[in-house]
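Student: The structure's right below; bear with me while I get my questions together.
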């Protein structure tokens, strides 16, 4: 699943780099988050923790997926509905004073999957080395993109202040931020009208709305875990019988249990 990086609100780079000292500002903003621990968990979930998995091209897709978040990079002439996030990561890297290889500029250097697999230039391995070296940078970028999506979720909610308060409580800890970014990667933000059964969605917005009260710290992640499981059960109950979603429920609940 890669909902987080395909469906999150497009990052407004200027809002992320408005400070005269962007690196210091970013460190201050994420001061309560263990970037290394969070990045390792995202990397394990999305790429099985392997360096090889940091650059891949999935069958049936018109673009490579890069980094711990499977950031999309379109070849020349390719444009799809998904947010092209890799160039935004590179812009962010430069704003932090990180050196970036020249071939990261412009479109992806491979026109299609066959060309990617046939390439012996070493570019893919060079990208893997760069991405493996800058896991914390990618994690910081992921956090900024998640925070940039909060206003859209609040606008779509019946209880915007509760959604904002619960999001902020979770975002204050490493485990809580893991809940936020992993769930979006798992089941999306919950903003798309087409992602509904019987008018009820199953994304991050719906989990935040499902939470009870305004817990903090470990209590917040425990309540998020409970709410996520409730939303998954509701999705299955509302789903068309022909889809047979009951067969997935046990696995979904296991993932929700990791948020506790």
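Student: Taking the options 146, 65, name whichever one is crowded, with 19+ Cβ neighbours inside 10 Å and touching a strand residue (DSSP E or B) at 6+ places or on another chain (Cβ under 9 Å). Full working, then the answer.
Tutor: On the way: 146 fails: touching a strand residue (DSSP E or B) at 6+ places or on another chain (Cβ under 9 Å).
The match here is 65.
Student: Looking only at segment 81-122, filter to residues that are within 24 Å of the chain's Cα centre (by Cα), free of Cβ contacts under 8 Å to residues at least 40 places away in the same chain and assigned to a helix (DSSP H, G or I); which one of those is farthest from residue 138 (Cα to Cα)?
Tutor: Among those that are within 24 Å of the chain's Cα centre (by Cα), free of Cβ contacts under 8 Å to residues at least 40 places away in the same chain and assigned to a helix (DSSP H, G or I), it is 104.
Student: Still on this structure, please answer the following. Please state which one of 248, 252 is over 19 Å from the mean Cα position of the chain (by Cα) and assigned to a helix (DSSP H, G or I). I'd like the intermediate steps shown before the answer.
Tutor: Working: 252 fails: over 19 Å from the mean Cα position of the chain (by Cα).
Answer to the check: 248.
Student: Continuing with the same structure: Looking at (1) surrounded by fewer than 16 Cβ atoms within 10 Å (Cβ to Cβ); (2) in contact (Cβ under 8 Å) with a residue 24 or more places away in the chain, which is the one condition that is false for residue 241?
Tutor: (2)
Student: Of (1) in contact with a helix residue (DSSP H, G or I) (Cβ under 7 Å, 6 or more places away or on another chain); (2) part of a loop (DSSP other than H, G, I, E, B), residue 193 satisfies all except one. Which?
Tutor: (1)
Student: Moving on to the next point. Looking only at segment 142-155, count every residue that is touching a helix residue (DSSP H, G or I) at 6+ places or on another chain (Cβ under 6 Å) and modelled with pLDDT of 95 or more and tell me the total. Walk me through how you get there before you give the answer.
Tutor: Residues of segment 142-155 touching a helix residue (DSSP H, G or I) at 6+ places or on another chain (Cβ under 6 Å): 142, 144, 146, 150, 153-154.
Okay, now just the ones that are also modelled with pLDDT of 95 or more, so 150, 153-154.
Residues that pass the stated criteria total 3.
Student: Follow-up question, since we're still on this one. It is to be established whether one or more residues within segment 203-220 are closer than 22 Å to residue 42 by Cα, touching a helix residue (DSSP H, G or I) at 6+ places or on another chain (Cβ under 8 Å), outside the structural domain of residue 45 (by TED's automatic domain parsing) and assigned to a loop (DSSP other than H, G, I, E, B).
Tutor: Scanning segment 203-220 turns up at least one residue that is closer than 22 Å to residue 42 by Cα, touching a helix residue (DSSP H, G or I) at 6+ places or on another chain (Cβ under 8 Å), outside the structural domain of residue 45 (by TED's automatic domain parsing) and assigned to a loop (DSSP other than H, G, I, E, B).
Student: Another question, then. Looking at residue 41, is it touching a residue at least 24 places away in the same chain (Cβ under 8 Å), under 22 Å from residue 179 (Cα atoms) and either outside any loop (DSSP other than H, G, I, E, B) or touching a helix residue (DSSP H, G or I) at 6+ places or on another chain (Cβ under 8 Å) (or both)? Give the steps one after another, and end with the answer.
Tutor: Details: touching a residue at least 24 places away in the same chain (Cβ under 8 Å): yes; under 22 Å from residue 179 (Cα atoms): yes; either outside any loop (DSSP other than H, G, I, E, B) or touching a helix residue (DSSP H, G or I) at 6+ places or on another chain (Cβ under 8 Å) (or both): yes.
Here the answer is yes, as residue 41 does meet what is asked.
Student: Need pairs with beta-carbon distance below 8 Å; first residue without any contact (Cβ under 8 Å) to a residue 12 or more places away in the chain and within segment 194-212, second surrounded by fewer than 16 Cβ atoms within 10 Å (Cβ to Cβ); sequence gap 6+ or separate chains.
Tutor: 201/192
The values are calculated or read from the model by the stated rules, or taken from the named source; none is laboratory data. Note that the structure is a prediction, hence the values are computed from the model and not measured. Here the Cβ is made from the backbone with ideal geometry for all residues, glycine too, and neighbour counts use every protein chain on show.
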